[in-house]
Amino acid sequence: MMTVHTAPKENEYAPYFGRYISLIASDDIVATLESQIAGTAVLLAGLAPQDGHYRYAPEKWTVNEALGHIIDTERIFAYRALRIARNDPTPLPSFEQDDYVKYGPHASCRLPDLLEEFRCIRRSSLFLFQNLQPEAWTRIGTAGQNPISVRAIAWIIAGHEVHHAKILRESYLPNLAAR
């Protein structure tokens, strides 16, 4: 397994993604991604299946939809990482997160099933990143009309999870506990 010892440089991703990358303090991105499996499970472990349908405001996603968004985003970004790591020069499209939530099945899924899906998707991503050749980490492709490196994608996946875990912890869980 290769350990990546440096975070991506600013020219390896669109400025928007800096908000996620900056949330990751460790340079061992594979270990960070692996530790998030248990962290997310612990975060949501105390919730009952029906709590997955809770939303803290009328236009906000439910817990299930938020977790489904994390899952869908990771799938898309891992696919991008695979294509770029394999030196595929084809530009990759962007995606509209709200449409993915709107047309996805997550609102009607059971929370325990979504947690298991998250674990599986993350394990799949880990296999991808653990087996990359050293030169693949800094390979740059195009996604959403912006340059992006495989290394940046790994940091974005991890930071995206941190971002949404914080929202779940601050906006969802206190309200669920008070019910």
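Only the coordinates and a few stated rules stand behind these numbers; no lab work does. Treat the numbers as computed from the prediction; the structure is a model and nothing was measured. In this analysis, Cβ positions are derived from the backbone assuming ideal geometry, glycine residues included, and neighbour counts consider all displayed protein chains.
The table below gives the values:
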| quantity | calculated |
| --- | --- |
| Extension gain, D27 back to L82 (0.36 nm per residue minus Cα-Cα distance, nm) | 17.8 nm |
| Estimated dipole of region 21-178 in Debye, rounded to 20 [Cβ of Lys and Arg +1, of Asp and Glu -1, Cα centre] | 160 |
| Set of lysines with alpha-carbon distance to K102 below 18 Å, sequence-local pairs under 8 removed | K60 |
| Radius of gyration, Dmax [region 33-94; alpha carbons; angstrom] | 15.7, 45 |
| Alpha carbon convex hull of the chain, projected area averaged over orientations, nm² | 9.8 |
| Length gained when the stretch R119-R75 is fully extended (0.36 nm per residue, less Cα-Cα span) | 14.6 nm |
| Inter-label distance, nm, simple model (7 Å from Cα along the C-beta direction), Q145/A38 | 4.4 |
| Residues in region 31-74 reached by a label modelled at R110 [backbone nitrogen below 11 Å; 7 Å Cα→Cβ] | 49-50 |
| Proportion of all alpha-carbon pairs of region 108-179 beyond 16 Å (%) | 66 |
| Top of E96, E65, E161 by mean-square fluctuation, Gaussian network on the chain, Cα under 10 Å | E96 |
| 0 to 90° range, to nearest 10: angle between helix 150-167 axis and the chain longest Cα axis | 20 |
